[in-house]
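I have placed the structure first, in the form of structure tokens, so that the comments after it can refer back to it.
The values are calculated or read from the model by the stated rules, or taken from the named source; none is laboratory data. Since the structure is predicted, the reported quantities are computational estimates derived from the model, not experimental observations. Here the Cβ is made from the backbone with ideal geometry for all residues, glycine too, and neighbour counts use every protein chain on show.
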Amino acid sequence: MLSTLYAVLFYIATILLIVGTGMKVLKYARTPAPLKIPVSPAPRTRAGVVQRMGREVTMFESLFKSNRWIWIFAILFHYGMLLVLLRHLRYFTQPVWWWVELIQPFGVYAGFVMVLGLLGLLARRIVVNRIRYISNPSDYLMLLLLIGIGVTGLSMKFLMPVDILMVKQFFLGLMRFQINELPMQPGVLIHLGLVAILMIIFPISKLMHAPGLFFAPSRTQVDNAREFRHMSAWASQLEDLPESIPTEEGK
Amino acid sequence: MARLEIDENGTEKYVVRDPFHIPDMECGAMADTNSFKAAPDHNEDLGFPGELLENWQEVAIAKMGELAKKNRAFQVYLDTCVKCGACTDKCHFFLGTGDPKNMPVARQDLLRSVYRRYYTFAGKYFPWLVGARDLTKEVLDEWYTYYHQCSQCRRCSVACPYGIDTAEISMAAREILDSVGVGQKYCNEIIAKLKKTGNNLGLNPKALRATLEDLEEDLEDETGIPVKLPLDVKGADILLITPSADFFAEPHIDGLLGYAKVFHAAGVSWTISSYASEAANFGMFIGSYENMREVSWRIRQAAKDLGVKRIVFGECGHAWRVGYSFLNTLAGPFDFLDQSYPIPQHIMEFTSDAIDAGILKIDKSRNDEFIMTYHDSCNVARGSAMGRKEGGQFDLPRKVIKAVVNNFHDMERDTIRENTFCCGGGGGLLTDDLMDLRIKGAKPRMTALQQVTADHGVTHMAAICAICKTQFSKVMPKYGYEMDNIMSVHQLVANAVILDGQETEQDDAPETVAAGE
Ligand code: HEM
Ligand code: SF4
Ligand code: SF4
Ligand code: SF4
């Protein structure tokens, strides 16, 4: 019964995540940028922009330059989470891919790193009064949600082991549209419930920063306004202005 | 960075000199600092309603939605902020005033909270969760106050991991305000004036001609050579577009004389246009594409009418942003100009090329009374570029300065180049009603200047923005400098350049700066 509920929950969450994020990304992609606004100094070529974005995505370059503490915690959290997510691929693949096997030992400890990073970010949010000032309840809850996911995940590994094979059967089943039993243990149920919530709120929350980053004109535009004329669809539709100086004016 | 210093009486004291000093937050510190609102006819001149509309709330919300559809930056920036806080200590207005609403993310949130309420799922159904709020008259007033405490300098955008640019949000907010009939006097009055006379000052062609003739006389008195400041000369090679402050304000005029000398020495024919006698484009400050386009378009018309081959911009910060980054979009294509030069070109690029070509005879010692530093104007630094290499907007002005002065010291690294602190008067804030804000906003820049004065004895600062120059000449006296301690870069050039046949007091032959030096 509960297994069926979780199965339905995950189908819905997956659809909302993919469709919701997809729609937002489409919206960003379709919204025109009327002017060239790269924050300079900016690369003069597309290849340069790819490098700039590469550094932003993999190293959080701007954050590194602007705030070292946030950067440290952000890197711990995001890279921890990345490893954790990759490690989780083992529950969706049979046989498990070789490189997923390879990162397995690191993946486990990455969970701690991720939670550590999150706790650091939470502490800053509470302790630094400037950041407390700009925080809304949702900002705290987002961190708590992720910490909750991390802690329940780690507890299944180190405190109250669960039947991980059953969990894997459940997810492999979902991928073939059949519902297998989940182990009825609170750790698993809470962990999976929180993950489903995260997936559902992803497209309607600030988590859209991940795809949004790739659509920020200030970082993604090439600095070549003088060489190439940049036009947006709506702007090219504006009424023509007179080509020569109107005679009654100014003379 | 507190340091022990000994003053002239021999007493020791600790002086705090830290441009990055983060003040204690003081809620509402600047809540009552407002610039005057525009009179109805000035709003109407720009195509906006004269007074606050009856259904302003509806119109404002609709306008917000429209802007989100028309401008990717606005849409993406509203969605992606994670409230990490990296930008919170980057704004000179927060550092100078301590008002938390002057922290960039808090400034964005004034509008984001309303956007969330009307345009997002979470804000519609769980407003308390995401800090969403209704658009009330108080909120509208708050927008007016704090979006006119942003100089659109983009320093926060450099710090943000997603490049979120508060300037874009500020511009959008001002456009929304204008669209419901709440305009700012300073900006709207000036744009209206420009549309009537061709410049922000309302200077008519006759007065402009008289001014230029006076300056020609001054130049001839100084050099003994008839250096011209041509106006409306058809068939000239170069159309100079320069801020109208260059025609009458100090130290701007001295910069204009510098351009004239460089053009003269380079032997090019050039002209100013009375129809487009303004580089500044306040349409940018109010976020209005249409107004910005209309103002820019005059440059196209003047270039066609005069039949010039090139366009060169004088020293002006936001004008160069519009010129470099937007002009091609707004008033292009410029297929009728000579394609072998950048369109438009900055006077700094022109002078730099002239130096490389060895055309200018320079006597650096004529600037020996000054120990210089350079203020990177933020619109040039973060909104445009110069030359062919990335970062040319930082290197070219320094190269030109170093070619004409012997004593130059940069201010602290994190207060210059892409991290430069705004002068505190940009973005449509250069009005007396905001003087308190301007003085406070200048504090980080002034503190960095005081540092190099203490360390290297710097006496003067050069800039290439008309607004910066006016702002500094007003606020520097509050920080222990004279109003003429701010200089135009081309003023330094004018001092050092020696024209062919010019009689000089000194006997020693001027050195010629050769190519590549
Ligand atoms: C392209 C991938 C991503 C990039 C480049 C990226 C980058 C960043 C950066 C630079 C920050 C600001 C620093 C900080 O506060 O930690 C941040 C914050 C955050 N990210 Fe990501 N992120 C990505 C993907 C994700 C994903 C997939 C999630 C969650 C499932 C996520 C969750 C968060 C959260 C919750 C915060 C806010 C932390 C806080 O409250 O301080 N990120 N991200
Ligand atoms: S653009 Fe400049 S003035 Fe405006 S919030 Fe950012 S740092 Fe402050
Ligand atoms: S740095 Fe960017 S993401 Fe972080 S709080 Fe400021 S605007 Fe938001
Ligand atoms: S006036 Fe000068 S420093 Fe200030 S906003 Fe403009 S360019 Fe920037």
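Conditions tested, residue by residue: (1) in contact with a helix residue (DSSP H, G or I) (Cβ under 7 Å, 6 or more places away or on another chain); (2) within 16 Å of ligand 4 (Cβ to nearest atom).
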site: B:Val114; (1), (2): yes, no
site: B:Phe121; (1), (2): yes, no
site: B:Phe126; (1), (2): no, no
site: B:Thr136; (1), (2): no, no
site: B:Val139; (1), (2): yes, no
site: B:Tyr146; (1), (2): yes, no
site: B:Gln149; (1), (2): yes, yes
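Table: residues versus (1) within 14 Å of another protein chain (Cβ to nearest Cβ); (2) touching a residue at least 24 places away in the same chain (Cβ under 8 Å); (3) surrounded by fewer than 19 Cβ atoms within 10 Å (Cβ to Cβ).
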site: A:Ile103; (1), (2), (3): no, no, yes
site: A:Val127; (1), (2), (3): yes, no, yes
site: A:Ile134; (1), (2), (3): yes, no, no
site: A:Met142; (1), (2), (3): yes, yes, no
site: A:Asn180; (1), (2), (3): no, yes, yes
site: A:His191; (1), (2), (3): no, yes, no
In the stretch B:268-294, anything more than 18 Å from the chain's Cα centre (by Cα), in a loop (DSSP other than H, G, I, E, B) and within 12 Å of another protein chain (Cβ to nearest Cβ) is listed as B:Ser273, B:Ser274, B:Tyr275, B:Ala276
Residue check for A:Tyr109: within 16 Å of ligand 2 (Cβ to nearest atom) and either over 16 Å from B:Ala86 (Cα atoms) or part of a helix (DSSP H, G or I) (or both)
no
Please determine whether any residue of the stretch B:127-140 is at pLDDT 95 or above, more than 11 Å from chain A (Cβ to nearest Cβ) and within 12 Å of ligand 2 (Cβ to nearest atom).
no
Looking at the stretch A:125-185, what helices (runs of 4 or more DSSP H) fall wholly within it and have at least 2 residues that are out of contact with any Asp or Glu (no Cβ under 9 Å at 6 or more places or on another chain) and among the polar types (S, T, N, Q)?
A:137-158
Which condition number does B:Ser151 fail, the rest of (1) within 14 Å of another protein chain (Cβ to nearest Cβ); (2) under 25 Å from A:Ser40 (Cα atoms); (3) buried (at least 23 other Cβ atoms within 10 Å of the Cβ) being met?
(1)
Pick from A:Gly120, A:Gly107: which is at pLDDT 95 or above and over 16 Å from the mean Cα position of the chain (by Cα)?
A:Gly120
Filter the stretch A:25-82 down to the residues that are in a loop (DSSP other than H, G, I, E, B) and surrounded by fewer than 17 Cβ atoms within 10 Å (Cβ to Cβ), then identify the one that is nearest to ligand 3 (Cβ to nearest atom).
A:Pro32
Out of everything in the stretch B:417-436 that is under 13 Å from B:Asn34 (Cβ atoms) and of a type in the set (A, V, I, L, M, F, W, C), what residue ends up being nearest to ligand 1 (Cβ to nearest atom)?
B:Leu429
Take A:Ile70 and tell me if it is within 12 Å of ligand 1 (Cβ to nearest atom), touching a Gly at 6+ places or on another chain (Cβ under 6 Å) and either within 14 Å of chain B (Cβ to nearest Cβ) or modelled with pLDDT under 95 (or both).
no
Restrict the check to the stretch A:80-87 and report whether at least one residue is within 16 Å of A:Gly120 (Cα to Cα), touching a residue at least 24 places away in the same chain (Cβ under 8 Å) and within 10 Å of ligand 1 (Cβ to nearest atom).
yes
Right, B:Arg445: surrounded by 19 or more Cβ atoms within 10 Å (Cβ to Cβ), modelled with pLDDT of 95 or more and within 16 Å of ligand 2 (Cβ to nearest atom) or not?
yes
Selection from the stretch B:69-87 of residues more than 7 Å from ligand 3 (Cβ to nearest atom) and under 26 Å from the mean Cα position of the chain (by Cα) yields B:Lys70, B:Asn71, B:Arg72, B:Ala73, B:Phe74, B:Gln75, B:Val76, B:Tyr77, B:Leu78
I'd like to know if the stretch A:127-141 contains one or more residues that are among the acidic types (Asp, Glu) and modelled with pLDDT of 95 or more.
yes
Yes/no for B:Ser377 being assigned by TED's automatic domain parsing to the domain that holds B:Ala302, closer than 20 Å to B:Leu492 by Cα and within 16 Å of ligand 2 (Cβ to nearest atom):
yes
Among the numbered conditions (1) facing chain A (nearest Cβ under 9 Å); (2) over 24 Å from the mean Cα position of the chain (by Cα); (3) polar (S, T, N, Q), tell me where B:Gln57 comes up short.
(1)
